[in-house]
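Undergrad: Take a look at the following structure, please.
The values are calculated or read from the model by the stated rules, or taken from the named source; none is laboratory data. Owing to the predicted nature of the structure, the values given are computational and were not obtained by experimental measurement. Ideal geometry is used to build each Cβ from the backbone, glycine not excepted, and the neighbour counts take in all protein chains shown.
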Amino acid sequence: MRSTALAALLLCLSASRALAQDTARAPAATIIKAGRMIDVRKGEVLSDRAILVEGARVKATGPSAEILSSAPQGATIIDLSNATVLPGLIDCHTHVLLQGDITAADYDDQLLKESIPYRTIRATVAAKTALENGFTAIRDLETEGAMFADVDVKRAIARGIIPGPRMFVSTRAFSATGMYPLLGYSWELKMPEGVQIVDGPDAIRKAVREQIKYGADWIKFYCDRRYYMENGKLRSKVNFTEEEMAALVGEAHRLDHKVAAHAIGKDGIMAALKAGADTIEHGDGLDEESIDLLNARGAFWCPTIYVGAYVAEGRAAAGAPIWKELVEVEKKAFGLAVKKGAKIAYGTDVGGFAWTENQAREFAYMVDYGMTPMQAIQSATIVAADLLDQEKNLGAIEPGMFADIVAVNGDPLKDIRVLEHVRFVMKNGKVFKHEAGK
């Protein structure tokens with residue numbers, strides 16, 4: 001009898017302790033006072049607003065006086081009344097497992113001289129950097145030879161082990177035999193591969209299943225290579241046959257996964273779109289015909305402008321002068337795509353350039369190439385969320401959305417470069433960065 005009573009008492013105490021711990025862990029309500037808040041859905045800037053956050057999501061928004069008057073008892077007040085507040089930014093093309101590869105030598109050194117554990121450690125720093133730069137979500141488009149390490153980084157972030165953005169990952173990506181680095185080494189040596197090499201429809205279907213098995217959210221493939229100009233058009237060599245691409249896209253879609261296609265020249269772009277790719281990455285050679293097909297298919301374009309400008313001089317000096325031409329080719333394509341209403345999602349290819357460079361530099365290029373500042377911000381919020389099928393969770397500051405919120409000094413609609421200096425970052429209702437404002 002005594003032992004039964006004691007056991008019951010201990011069980012009760014244990015339950016009470018657990019409840020107390022859960023209560024302590026539960027985030028208190030938070031109210032953010034915003035001097036200016038960008039409503040990306042309406043394309044408007046609202047003054048003197050407040051945002052009520054409960055747990056991981058936005059509970060309400062409205063005039064400051066209204067939200068404050070009905071504030072829950074004990075709510076934390078964050079005063080950003082001298083800042084511009086906007087949704088957390090989304091970068092749809094990153095590589096946390098890569099640290100810059102202007103030349104083939106830069107790339108080869110990482111695959112040959114850095115272990116996957118070492119590269120993963122560096123990736124945790126890259127993820128933290130992205131978050132502190134205001135990017136609360138990223139689509140990481142392959143590990144460049146680091147196998148499935150992106151899944152581990154994603155998991156560590158989701159479990160609160162390390163800070164970082166929400167990650168949507170594509171693991172290893174695909175290319176065909178002889179079409180992707182490492183290249184140029186003796187045939188007597190078995191060199192590491194920067195991607196998963198696949199040939200033939202059956203092998204491709206199996207490989208798609210394998211990547212999904214190990215945690216891929218997206219499937220990525222390298223559609224083209226060897227870029228050259230011909231009659232004023234940027235051309236390229238396509239890596240896969242139509243049958244192979246149909247197998248890749250078909251199997252991914254059958255398993256409810258979308259497909260990102262690296263396609264720079266028009267040949268690659270057209271082949272990827274005809275195969276059913278959901279996003280075109282880079283897409284420098286887009287022209288009127290291919291933009292019309294992009295729009296007809298409902299596909300997105302991630303231009304990754306800054307990386308092209310960043311690597312151009314170094315790659316030209318290393319023997320590939322076409323990269324200098326690509327800068328102007330893409331500028332023309334971008335302006336045309338904006339005019340034709342293409343779905344352009346923010347993507348930088350950071351990792352292709354060093355993580356010490358702020359990935360928000362892409363915004364200035366987008367505005368210079370033809371977008372309004374509001375369109376550029378929308379590309380990194382509601383458009384990017386739509387690309388990720390996360391339009392009910394991400395991309396706007398609205399009731400029910402995740403509380404992913406950033407703030408900057410100044411007005412990004414007057415000077416888009418202020419987004420390169422984020423002073424406040426909240427993800428999932430938790431503050432990760434809060435610097436004093438001016």
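Undergrad: Please go through segment 313-329 and give me each residue that is among the charged types (D, E, K, R) and in contact (Cβ under 8 Å) with a residue 60 or more places away in the chain, ordered by number.
TA: Answer for segment 313-329, where residues must be among the charged types (D, E, K, R) and in contact (Cβ under 8 Å) with a residue 60 or more places away in the chain: ARG315, GLU325.
Undergrad: Do we have any residue at all in segment 192-203 that's within 25 Å of the chain's Cα centre (by Cα), farther than 27 Å from LEU112 by Cβ and in the same structural domain as HIS95 (by TED's automatic domain parsing)?
TA: no
Undergrad: Sticking with this structure for a sec: Residue under question is LEU46, and the condition is that it be at pLDDT below 95 and outside any loop (DSSP other than H, G, I, E, B); does it hold?
TA: no
Undergrad: Continuing with this model, one more query. Mind checking which residues of segment 54-96 are closer than 26 Å to VAL383 by Cα and of a type in the set (A, V, I, L, M)?
TA: Within segment 54-96, ALA56, VAL58, ALA60, LEU80, ALA83, VAL85, LEU86, LEU89, ILE90, VAL96 qualify.
Quick grid of which residues meet (1) over 24 Å from LEU131 (Cβ atoms); (2) of a type outside the set (Lys, Arg); (3) surrounded by 15 or more Cβ atoms within 10 Å (Cβ to Cβ):
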{"site": "ASP292", "(1), (2), (3)": "yes, yes, no"}
{"site": "ALA296", "(1), (2), (3)": "yes, yes, no"}
{"site": "PHE300", "(1), (2), (3)": "no, yes, yes"}
{"site": "PHE334", "(1), (2), (3)": "yes, yes, yes"}
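Undergrad: Now a separate question. Of the numbered conditions (1) at negative phi; (2) under 25 Å from the mean Cα position of the chain (by Cα), ASP256 fails exactly one; give the number of that condition.
TA: It fails just one condition, (1).
Undergrad: A further question on this structure: Out of (1) surrounded by fewer than 23 Cβ atoms within 10 Å (Cβ to Cβ); (2) more than 23 Å from MET167 (Cβ to Cβ); (3) without any contact (Cβ under 8 Å) to a residue 40 or more places away in the chain, the odd one out for MET245 is which?
TA: For MET245, the exception is condition (1).
Undergrad: So in segment 276-289, with the set limited to residues that are of a type outside the set (Val, Ile, Thr) and crowded, with 23+ Cβ neighbours inside 10 Å, which one is nearest to ARG139 (Cα to Cα)?
TA: In this case the residue turns out to be GLU281.
Matching residues to (1) modelled with pLDDT under 95; (2) assigned by TED's automatic domain parsing to the domain that holds TYR227; (3) of a type in the set (Ser, Thr, Tyr); (4) under 15 Å from LEU89 (Cα atoms):
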| residue | (1), (2), (3), (4) |
| --- | --- |
| LYS331 | no, yes, no, no |
| LEU336 | no, yes, no, no |
| TYR346 | no, yes, yes, yes |
| GLY370 | no, no, no, no |
| ILE377 | no, no, no, yes |
| ALA380 | no, no, no, yes |
| LEU388 | no, no, no, yes |
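Undergrad: Answer yes or no: is there a residue in segment 197-212 that is out of contact with any Ser or Thr (no Cβ under 8 Å at 6 or more places or on another chain), among the acidic types (Asp, Glu), farther than 17 Å from GLU243 by Cα and at pLDDT 95 or above.
TA: Yes.
Undergrad: From the residues in segment 75-128 that are hydroxyl-bearing (Ser, Thr, Tyr) and in a strand (DSSP E or B), which one is surrounded by the most Cβ atoms within 10 Å (Cβ to Cβ)?
TA: Among residues in segment 75-128 that are hydroxyl-bearing (Ser, Thr, Tyr) and in a strand (DSSP E or B), the one surrounded by the most Cβ atoms within 10 Å (Cβ to Cβ) is THR94.
Undergrad: Right, another one. With the requirement that a residue be basic (Lys, Arg) and buried (at least 22 other Cβ atoms within 10 Å of the Cβ), what does segment 400-428 give you?
TA: The one that is basic (Lys, Arg) and buried (at least 22 other Cβ atoms within 10 Å of the Cβ): LYS427.
Undergrad: Of all the residues that make up segment 384-399, how many are more than 20 Å from ARG49 (Cα to Cα) and surrounded by fewer than 22 Cβ atoms within 10 Å (Cβ to Cβ)?
TA: 6
Undergrad: Is there a residue in segment 290-312 that is among the basic types (Lys, Arg), in contact with a Lys or Arg (Cβ under 9 Å, 6 or more places away or on another chain) and touching a residue at least 40 places away in the same chain (Cβ under 8 Å)?
TA: No, the conditions are met nowhere in segment 290-312.
Undergrad: Going by the structure shown, is PHE135 in contact with a Pro (Cβ under 6 Å, 6 or more places away or on another chain), among the aromatic types (Phe, Trp, Tyr) and at pLDDT 95 or above?
TA: It is true that PHE135 is in contact with a Pro (Cβ under 6 Å, 6 or more places away or on another chain), among the aromatic types (Phe, Trp, Tyr) and at pLDDT 95 or above.
Undergrad: Here's another thing I want to ask about it. Kindly check whether there is at least one residue in segment 222-243 that is in contact with a strand residue (DSSP E or B) (Cβ under 6 Å, 6 or more places away or on another chain) and of a type in the set (Gly, Ala, Ser).
TA: Yes: one or more hits.
Undergrad: Going through segment 358-375 one residue at a time, which ones are within 18 Å of the chain's Cα centre (by Cα) and either crowded, with 24+ Cβ neighbours inside 10 Å or without any contact (Cβ under 8 Å) to a residue 40 or more places away in the chain (or both)?
TA: GLN359, ALA360, GLU362, PHE363, MET366, GLN375
Undergrad: Hey, another quick one. What are the residue pairs meeting all of these: first residue in segment 27-43, first residue touching a residue at least 40 places away in the same chain (Cβ under 8 Å), second residue among the aromatic types (Phe, Trp, Tyr), Cβ atoms under 9 Å, and 6 or more apart or on different chains?
TA: The qualifying pairs are ILE32/PHE424.
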